[in-house]
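Heads up, the thing below is written out as structure tokens.
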Amino acid sequence: MKSIGRILTVSICILTGIFLWGEIPSSYGQEIVKVGAIFPLTGALEATGRELKNAVEMATDICNNKYPELSPLLMAETEGVKIKRGGKVVNAKVVIEWGNSEGKVETGAAEVSRLASDKGVVGILGCWQSAVTRAAATTAAKEGVPLLTQSVALDLTKPEVMGESLKWFFRPNPAAIDLVEVMFKFMDAIQEKKKDKIKNVAIFYENTLYGKDNAKTAISLIQEKYKHYNLVATVPYTAKTSDVVAEVLALKKANPDVVYNVGPYISDAILFTKTFKEQGFMVKGFLWDDAGVVTPDYLKSVGKEAEGFFTRMIYNVDLRTKKPLIGKIDDMFKKRYGVNMDDNSARAMLKALVLFEAINRAQSDKPDDIRKALLETDIPEAKTNMIFGVKFDPVTHQNMRTVGLALVGQARGGQWRVAYPWDFASVDVVWPTPKWEK
Amino acid sequence: MEGSIFLQCIISGILMGGVFALIAIGLSIIWGVMEIVNFAHGDFMMIAMFITLGLFQYLGLIPIFSLPITAAILFGLGVVTYRLIIRPVIKAPMVAQIVVTFGLLLFIRNMGQFIFKADFRTLPAKAATLDGWLGGSINVYGLMIPPPKLVAFILSLIFIILVDQFFKRTTVGMALRATAQNRKASQLVGVDVDRMYELSWGLGILCVGIGGALLSLFHYIHPEVGLVFTLFSFIIVTLGGFGSIWGAFAGGLIIGLAESIGGVYIAPAYKFAVAFIIFIVVLFVRPQGLFGEG
């Protein structure tokens, strides 16, 4: 009996030791700075969340280790970030504390609190979905931690909407206005190039903040700037639905020349694409607004059914011919994760590197110092993984260097290729969309 | 154009409604016989979809041939679920039963994500078109009838008829109905109630499995796909009347049509609201459902 007691006691001690050892960070002894990252890591958007996580992981690795071959990319030649500790400037490794929004507004906001209060992160990257980001921004402001986003909803950088939250909120990539407008610029240009006429436009969108915001932007562009287009229908729909026949029939009823989805999650994009074909619904151009359609699963799932469809984007691997650094980064990403970078992952990497650079420049792990450093960010295009640099507007905290820098991609042979602007195009645009194959 | 859009709504609503109905009938059987709410209903449908995909990818079986295998697997899964998870809580309070099936939902869904990841998949064209037997949509004077949905509807209807006849004309079916009506009296006349419960689970999960396999012909496959179909199944079963096969069929058609017509003529964003309003109105007028017994 005594020996059983001893064995049990020793076993418990060993197990506790193993447990505690596991809890000790592998960077024990090394200075660290914690940064939070909140993405939908489970649920319907997990595929996108995984992409974003991979991109942030790789950005963290680039920051923490020297990659001279990626020079002059931000943080490629550092080994961590410099921060002042005890009056001395030391090198600290960036450690990411992951948060899972589960794609839900309330969970995203709760994760901000958890990461800020429990984990002591000095900055947060998140949350991809505009509605979740909006709630997370409010919580980040309460916690006094800067939040960098890649969500494009225009409202996110409007002082009258965000109020005090804007103080701690930054967006390094373009906002909806540039991204939505590029499709109208494309429509103008394609009419001239292909001697075709586009008159009637139908807009459809998922009815949360992301879709509604983009739709508002698109509608106001038609009403104020692109008055030569006739808005024949606006069709909001509930995201992640079971089928979209009603939506497609509503579009069909309007008889448009082009349809423009300004807020597609991947599940809906797949259903729409299949239902367009099923209902024999053909227009001159099927236009998407990035988000779910640039996730690799979309083109893999729909195959030839999406051939000739368009999407706006701000990144594409084809840009490597214009900017070799993009190719080097993409090669590294593909080697690690088996897929090319896309718009989502590229934006995630950008915001991570921008935050690390601000921490490094501030030489501080105090959130307010980092916030002030972000306001002074001035990164040239050559140092980013995009075709634009980064400088935040002092009021809206929107990157000012993205104006007019969006692209239009076309699905060709199962991949998104750059189709517009013509200077950046890697393929000759096909217009109108090819008819459905039987 | 206006007339053809309306007719298209009717056709699309009926086709989709038939598949909804088959998925819901499984819930109706379990609920009707055992009065247990299976919150994991849609997640069994998800399993069937992945099995259908897997049987095509690894054995080259197109869905029409893999359907019996999928059905058998899901039947077995239903029986195992009953024995391991449901039987221990048969006599427990209703709350415990709800918690158990809810826990089952979380388990299946998260295991699905763990095993299959949350990647979106679709049946390859060869499988979805049944090896090319199904071509593009059939155009009948401008009305589009997509073959995968038509096949799914026809097979759903055939299966619903078979289930109905099973309950009406076979001894086992009558025993199931007797158990549903009065468990104690059934025991007194020699019905093995435990075996009936086991069978109802097997049959219920088999139904949702066939529904899932047919749905995979035209729907994406994903670990989270079951949620909205579970919700619809509850509405359809309640609308049609608990334990009524044809009630569930009618309920499925009503929901399919409400979504389709309401979505086009009111607004797509409100198509679910239209379906729910009809559901509430029917319940208000006839609480036992359209075909339920008072």
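Derivation of every value follows stated rules applied to the coordinates shown; laboratory data play no part. Please read all numbers here as calculations on a predicted model, not as lab measurements. For neighbour counting, all protein chains shown are included, and Cβ atoms are generated from backbone atoms with ideal geometry for every residue, glycine included.
What's the local net charge at A:LEU179, with K and R +1, D and E -1, over the other residues with C-beta under 9 Å away?
-3
What's the whole-number percent of alpha carbon pairs in segment A:307-417 lying beyond 24 angstrom?
32
Placing +1 on the Cβ of each Lys and Arg and -1 on the Cβ of each Asp and Glu in segment A:329-438, which of A:MET386, A:TYR337, A:ALA358 has its Cα farthest towards the positive end of the resulting dipole?
The residue sitting most towards the positive pole is A:TYR337.
With a point put 7 Å past each Cα toward its Cβ, work out how far A:LYS66 is from B:PHE65 in nm, to one decimal.
6.1
Please compute the alpha carbon radius of gyration of segment B:145-269, then divide it by the globular-protein estimate 2.2 N^0.38 Å. Two decimals is fine.
1.23
How high is the relative contact order of segment B:2-224, given as a whole-number percent (alpha carbon pairs under 8 Å, six or more residues apart)?
Contact order relative to length: 45 percent.
Take B:HIS41, A:HIS228, B:HIS219 and order them by how many other Cβ atoms sit within 10 Å, fewest up front.
A:HIS228, B:HIS219, B:HIS41
Over the residues of segment B:146-219, compute the C-alpha Rg and express it relative to 2.2 N^0.38 Å.
1.36
Take the Cα atoms of chain A, find their three principal axes, and give me the spread along each one in whole Å, biggest first.
Projected onto its principal axes, the Cα set of chain A covers 84, 57, 42 Å.
If R₀ is 30 angstrom, what is the calculated FRET efficiency for the pair A:THR9 and A:VAL339, using the beta carbon separation as r and rounding to 0.05?
The value I calculate is 0.05.
Using the basic label-point model (7 angstrom from Cα toward the beta carbon), what is the A:GLU192 to A:GLN30 distance in nanometres?
5.3
At a threshold of 8 angstrom on Cα-Cα distance, excluding pairs fewer than six apart, so keeping six or more, what relative contact order does chain A reach in percent?
Answer for chain A is 17 percent.
Give me the three principal axis extents of the protein assembly as shown from the C-alpha atoms, as integers in angstrom, largest value leading.
Computed over the Cα atoms, the extents are 92, 88, 48 Å.
Among all helices in chain B defined by DSSP H, which have a length of 20 Å or more along the axis from Cα atoms plus a Kyte-Doolittle mean of at least -1.0?
B:2-34, B:41-59, B:63-81, B:94-116, B:147-169, B:193-215, B:226-240, B:245-265, B:271-285
Please report the spacing between the Cα centers of segment B:126-154 and segment A:109-152 in Å, no decimals.
47
With chain A treated as a Gaussian network of Cα nodes joined by springs under 10 Å, which of A:GLN410, A:GLN363, A:GLN279 yields the largest mean-square fluctuation?
In the Gaussian network model the winner is A:GLN279.
Cα-Cα over 32 Å: which of A:LYS119/A:LYS383; A:LYS104/A:LYS391; A:LYS193/A:LYS277; A:LYS142/A:LYS334; A:LYS304/B:LYS117; A:LYS252/A:LYS304?
Flagged as over cut-off: A:LYS142/A:LYS334.
Angle, helix A:2-23 long axis vs. longest principal axis of chain A, Cα atoms, 0 to 90°, nearest 10?
50
Less than 16 Å apart at the alpha-carbon level, and either on another chain or at least 8 residues along: which lysines does that give for B:LYS91?
B:LYS184
How many nm is it between the label spots at B:PHE284 and A:GLN223, if each spot is 7 Å from the Cα in line with the beta carbon?
3.5
Using a Gaussian network for chain A with springs between C-alpha atoms less than 10 Å apart, which of these wobbles most: A:LYS328, A:LYS274, A:LYS225?
A:LYS225
Where a ≥ b ≥ c are the square roots of the eigenvalues of the C-alpha gyration tensor, would you call segment A:199-333 rounded, which needs a/c under 1.5, or, failing that, prolate if a/b is larger than b/c, or oblate?
prolate
Among B:ILE158, B:ALA125, B:SER137, which residue has its Cα furthest toward the positive end of the charge dipole of segment B:90-202, with +1 on Lys/Arg Cβ and -1 on Asp/Glu Cβ?
In segment B:90-202, that residue is B:ILE158.
For A:VAL235, list long-range residues whose amide hydrogen, built 1.01 Å from N in the peptide plane, is under 5 Å from its own amide hydrogen.
Correct list: A:ILE203, A:PHE204, A:TYR205.
Report relative contact order for segment B:135-282 in percent, whole number only (criteria: Cα-Cα under 8 Å, sequence separation at least 6).
Once divided by the residue count of segment B:135-282, the mean separation gives 14 percent.
Report D for segment B:2-224 in µm² per second (integer): Stokes-Einstein, Kirkwood Rh on Cα pairs, 4 °C, 1.567 mPa s.
70
Pick out which of A:ASN65, A:ASN54, A:ASN261 has the largest mean-square fluctuation in a Gaussian network model of chain A, springs linking Cα atoms closer than 10 Å.
The residue that fluctuates most here is A:ASN65.
If you take the charge dipole of the protein assembly as shown about its Cα centre, with +1 on Lys and Arg Cβ and -1 on Asp and Glu Cβ, which of A:GLY292, A:GLY211, A:THR48 is farthest toward its positive end?
Checking the options against the dipole of the protein assembly as shown, the answer is A:THR48.
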